[in-house]
Amino acid sequence: MTQTRTAPSGDGERSPEFRLAMDVLSGLRQDLFHDAFAYRPLPLMGTEGRLTRRLSDKRRWYAARLPQAVVVALALIAMFGGSAGGSMDGPMALLSGLVCAAPVMATLVRPVGAFWMSMAATPLVALLDGRLGEWPWQPGVFICHLTVLVVVAIRTRPRTAAWMWALTAAYALFAETVIGDGEYNTSAPMLLLSALALLMVAVLHVRREARQEVTAQQTVTAHERSRRTLLEERTTIARELHDVVAHHMSVVAIQAEAAPYRVENPPEELERAFATIRENAVAALTELRRVLGVVRAEDYEAPDAPQPTLADLDALLANVRDAGLSVDKTVTGAVRELSPGVELSAYRIVQEALSNSLRHAPGATARVEVSYVLGGLGLRIVNGSIPQTSLVKPSPGAGHGITGMRERVSMLDGEMTAGPTDDGGYEVAVFLPFRAQTEGEA
C-alpha cells in the first residue's frame, strides 16, 4: 500500500518565512503602489492655536496656508539647485530645474506619486547634464529627493517613510556600484540626512498618536466618571426616597389598622375597607423595600433622624456661616407644606449649591432666595466673586454637585440653570413644579 503526499496549497500551510515575506510585500504594495497617484491635497493648517487665534481674519487666512507656502518655497530652492548646480545652461538648465521642482510641487496633491517622480527625476537630470559619474544625486535632485522624503513622511505614516528610505538606499547602492565611477559619493550624505530627518518625523508621528490616544482616553475617562457620578447620585436619591416613602407607607398602614377602633360600632364594610387599605400599604411597603433596597450598600445604615425639609434651612445656613460663608436668606410667597420629595430635593439643592460656594468661592458672600409661586417652588442660590483679600484658595471638586442637582430637578420634571454671573460669581436657579392638594384629594 502506497501513500501519496499532496503539496500544500493554502497560505496557512506555508512556512513562517514565506508568510512574513508575503506580508512585507503586501505592505510595500499597499503603501507605495496602491493608488500611488491618488489625489490627496495637503490640508490647511489649523488656526485655533495659541498664537494663530490672536491674528486677524485676513492674517489667519494666510496662516492657514503656511504649509503650502513652505512647500512652494522648497520647490523654488530645488529648481534653483537643479538649474545652477550642473554644467548646463540655457533651456537645458531651466528644464533641469523644472524637473527638480515638479516632484516637490506634487507633494501638495499626490504625495506618494511625488516620491516616484523624485526617483525618476534623479537619472533624468543626470542624463540632461551628461555627467553620469555624479550619480545618483546631483545638487538639484539631492534637494528635491530629501524634501520629498520629508514631506511625504509627514503626510503619511512611519511605515511608508521606512519603505521610501529602503528603496532610496537600494537605488543608491545600485547607482554607485553599477553606473557611478566612484569619484563622487553623494549616497552617504543622502542616506544619513534622510535617515535623521525621517527619524525625527517618525518621532513626531508617535508623539502625536500618543497624544491623541491620551486625549481619547481622557475623554472616555471623563465620560465614565460623569456616568459613575450620575449613578451614584441616583443611588443616593433612591435611598432617600425609599426612606421617605417607606415612612409614609408605614404611617398609612398603622393609621388604617387603628382607625376602626376610633369609631364605636363601626360598620363591617368600613372595617373591611380599612383592612384592605392596611394590606395594600403593607404589600406596597414590602415591594418597595424589595425593589429599592438593592441600591443600599452593605455598609449603608438608614438615618435615624427624619429627612430634612425646607424648615431646616435656617440650621443649614447657620452651619454654613460657621464654616466662613456669609449667606442671607429671602423667602417670598405664601409658605406652604410641599410633598416630601420636593422638600427633600429643594433642601439638598440648596445644601449642594452652598457647598460649591464654600469650595470654589471662599470668602465670598452668598444669597438664598426661596419663592413659593403658583404651581411650584423657585430656588435661587447666587454667590459673589472671590475677594482679592481672601487668603484661602479655591479647592476643585469632583464634579458631583451640578450633576446631582440636575438629576434631582430632572426627577421632579423641573427646570434648572447654572452658570457664572457678570460680576464673577456663580448662580444656580431652579424651579420645581408642585400641584397643591385640594381638600378632596387630601
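If ALA121 passes every condition in (1) at pLDDT below 90; (2) more than 19 Å from VAL72 (Cβ to Cβ) but one, which one does it miss?
(2)
If GLU17 satisfies every condition in (1) at pLDDT 80 or above; (2) not in a loop (DSSP other than H, G, I, E, B) but one, which is the exception?
All conditions pass for GLU17, except number (1).
Can you tell me which residue among ALA222, ALA246, ALA258 is modelled with pLDDT of 75 or more and either surrounded by 10 or more Cβ atoms within 10 Å (Cβ to Cβ) or not aromatic (Phe, Trp, Tyr) (or both)?
ALA222
So ALA353 passes all but one of these: (1) more than 37 Å from the chain's Cα centre (by Cα); (2) crowded, with 18+ Cβ neighbours inside 10 Å. Which condition number does it fail?
All conditions pass for ALA353, except number (1).
So if I check each of LEU127, LEU132, LEU94, which one is more than 25 Å from GLN30 (Cβ to Cβ), surrounded by fewer than 20 Cβ atoms within 10 Å (Cβ to Cβ) and modelled with pLDDT of 85 or more?
None of the others qualify; the one that does is LEU94.
I'm trying to understand the selection: among the residues of segment 330-375, which are within 16 Å of THR309 (Cα to Cα) and in a loop (DSSP other than H, G, I, E, B)?
Of everything in segment 330-375, those that are within 16 Å of THR309 (Cα to Cα) and in a loop (DSSP other than H, G, I, E, B) turn out to be VAL335, ARG336, GLU337, LEU338, SER339.
Which of the numbered conditions does ALA429 fail, given that it passes all the others? Conditions: (1) among the small types (Gly, Ala, Ser); (2) at pLDDT below 80; (3) surrounded by 14 or more Cβ atoms within 10 Å (Cβ to Cβ).
(2)
The values are calculated or read from the model by the stated rules, or taken from the named source; none is laboratory data. All figures in this text were calculated on a predicted structure; none of them were measured in a lab. Virtual Cβ from ideal backbone geometry, glycine too; neighbours counted across all protein chains shown.
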